[in-house]
Every structure is written in C-alpha cells, then in structure tokens.
Amino acid sequence: DMLLKAVATRLLAAAPAGSLVARHGGDEYALHVGLPSGAAPADAARAIVRGMTATLTAPYTIGAHDLAVGVSAGIALLPGLASDVDSALRQVDVALHRAKASGRNTAVIFEQLMQAQADRRLLLEKGLRLALERDEFELHYQPQLDAHGRFVAAEALLRWRHPQQGLIAPGEFIPIAEETGLIHAIGRYVLHQACVERESWAAAHADARVSINVSPWHLFAQD
C-alpha cells in the first residue's frame, strides 16, 4: 500500500499540467493527457510515457526496503475509434496487455488489428473452457522411424477442432490454456487419451514408444 501511494505521488508530480490521474485498480493507473500541438500524436504520447517511466522506475525507499518497479503502458489516442469512455479504456487495456507481454518498461499504442486479435483470443478462451466436455480435442501422431525405416515411436500432437474456426494448432491455444489454468485438465486428457489409443495399436507396434509434450506448469502439479 505504501508503494502504491509513492507511485501515485510521483505520477501526480510527473503528469503534464491539466492531466486527469486515477488509480484504475490493483497496481494499474489511468491517465488522460492532453498532447502538445505540432507534434505527431503517437510521438508526443511516447515522449510523455518515456518521461514518466523514468520518474516511476527510480528506486523507492519504503521503510527499510529499497524497491524497484517496472512500468508497462497501454496508450489509446483519442478520439480515434473509441465512441465512449468504456471503449477507450478497453483499447488501453488491449494495448497494456500487449505491452506486458513485450517485457518491462514497454509502451504500446493501440491499433485496430490488436482489437481483432483480442476478440479472437476471447473467443478461443471461451471455447477452450467447453472444448473438453464437447470432445473437441484430438491427438495426431508424428511417426519416428529408425535407420532402417521401421516405426519405433510416435510423438502425440494435440489439435483442437473448433466447431466454427476449424482445426486450431496448439501454438495458438496452449498459451491461453496456460494463462487460464486450463492446461492441467488438458494435460490429463492428453496423457489418458494417448495411453488409451496406444493400447489399440497393432501387435506389430507393441514395443513402440509414445512421446507426450508437457507444459512447464505440469511440473508443478501435485498429481
């Protein structure tokens, strides 16, 4: 709490005159800033953020502790495509999410393409929660051959056959599953399904191995 207050004090001091500064929730703050005329809006916004980031990331002394913070900034240029305050804040949130994914002390300006990507991510996240109970996942097997061309093993590859979006590769939905915690249920499904399907292979492949990819999150699972 003391750190949040210290950050707020620096924000108020560093914000351009006439700015509106608010705590938006948790450790997030919102600023409405008037940009100077004459400069390109995007360049002016980035310059303001750079100055404020330098102020906010200087060390803090809280009690007996010396603390350092990182700053991620999402920027929406107004009026832009925002029709009201809520849509403007949603644009900021989309840009902020992209900034956080890019590393600390990063600022990202909202672009329309980001909204389309965010909408797709939300669509996949909602669908992912129902995919297991709707039996939409399937395993494909990449065969592994020895030097003589004999089948000796296979790698189990997870695919999601979305009812509207078609076949979705794991590179798109696994990160969402990891962020939402759904990766554990999906991982158990893959392990179980690979074992069941392995048992159905022909006797000629009785000694073949099956490799299963795991998420780092699985290494922390108690079961």
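Applying 0.36 nm per residue to the separation of PHE220 and THR55 and subtracting their alpha-carbon distance, the gain on full extension is 55.6 nm.
In a reduced charge model with +1 at each Lys and Arg Cβ and -1 at each Asp and Glu Cβ, region 113-191 shows a dipole moment near 100 debye about its Cα centre.
Taking the Cα centre of the chain as origin and assigning +1 to Lys and Arg Cβ atoms and -1 to Asp and Glu Cβ atoms, the resulting dipole is close to 520 debye.
Sparsely packed loop sites in region 69-162 (the GluC sites (Glu not before Pro) outside DSSP H, G, I, E and B with at most 10 other Cβ atoms within 10 Å) comprise GLU133.
Bridges between two residues of region 20-133, per DSSP, are antiparallel at a rate of about 65%. Which residue, ALA39, VAL85, TYR29, has the largest displacement toward the positive end of the dipole of region 24-92 when charges sit on each Cβ (Lys, Arg +1; Asp, Glu -1)? Toward the positive end, the furthest listed residue is ALA39. Peptide packing: for 43-51, 92-100, the average count of neighbouring Cβ atoms within 10 Å per residue gives the ranking 92-100, 43-51, highest mean first.
On a per residue basis, the chain carries 64 Å² of accessible surface, using protein heavy atoms and a 1.4 Å probe.
Between ALA39 and THR180, the FRET efficiency from the beta-carbon distance, with R0 = 45 Å, is close to 0.65. Taking a point 7 Å from the Cα of LEU78 along the Cα-to-Cβ direction, the residues of region 24-53 with backbone N closer than 14 Å to it are 30-36. Here's the picture: charge each Lys and Arg Cβ at +1 and each Asp and Glu Cβ at -1 in the chain, and of PRO16, VAL49, LEU124 the one pushed furthest to the positive end of that dipole is PRO16.
Can you give the Rg to Rh ratio of the chain, both from alpha-carbon atoms, with Rh computed by the Kirkwood formula? That ratio equals 1.14.
Apolar share of the accessible surface for the chain: 56 percent from carbon plus sulfur atoms, 1.4 Å probe. Note on the chain: GNM, Cα springs under 10 Å; of ILE212, ILE176, ILE62, the largest mean-square fluctuation is that of ILE62. Where both bridge residues fall in the chain, DSSP classifies roughly 70% of the beta bridges as antiparallel. The relative contact order of region 53-116 comes to 33 percent, based on Cα pairs under 8 Å that sit 6 or more residues apart. In order along region 189-198, phi translates into HN-Hα couplings of 4, 4, 4, 5, 5, 5, 5, 4, 6, 4 Hz, rounded to whole numbers, per the Karplus curve 6.51 cos²θ - 1.76 cosθ + 1.60 with θ = phi - 60° and x for Gly and Pro. The calculated FRET efficiency for the pair LYS5 and ARG104, based on their C-beta separation and a Förster distance of 22 Å, comes to about 0.55.
The values are calculated or read from the model by the stated rules, or taken from the named source; none is laboratory data. Bear in mind that the values here come from a model prediction, so they are computed numbers and not experimental data. Ideal geometry is used to build each Cβ from the backbone, glycine not excepted, and the neighbour counts take in all protein chains shown. Accessible surface areas use protein heavy atoms only, side chains included; no ligands, DNA or RNA. Shrake-Rupley method; radii C 1.70, N 1.55, O 1.52, S 1.80 Å.
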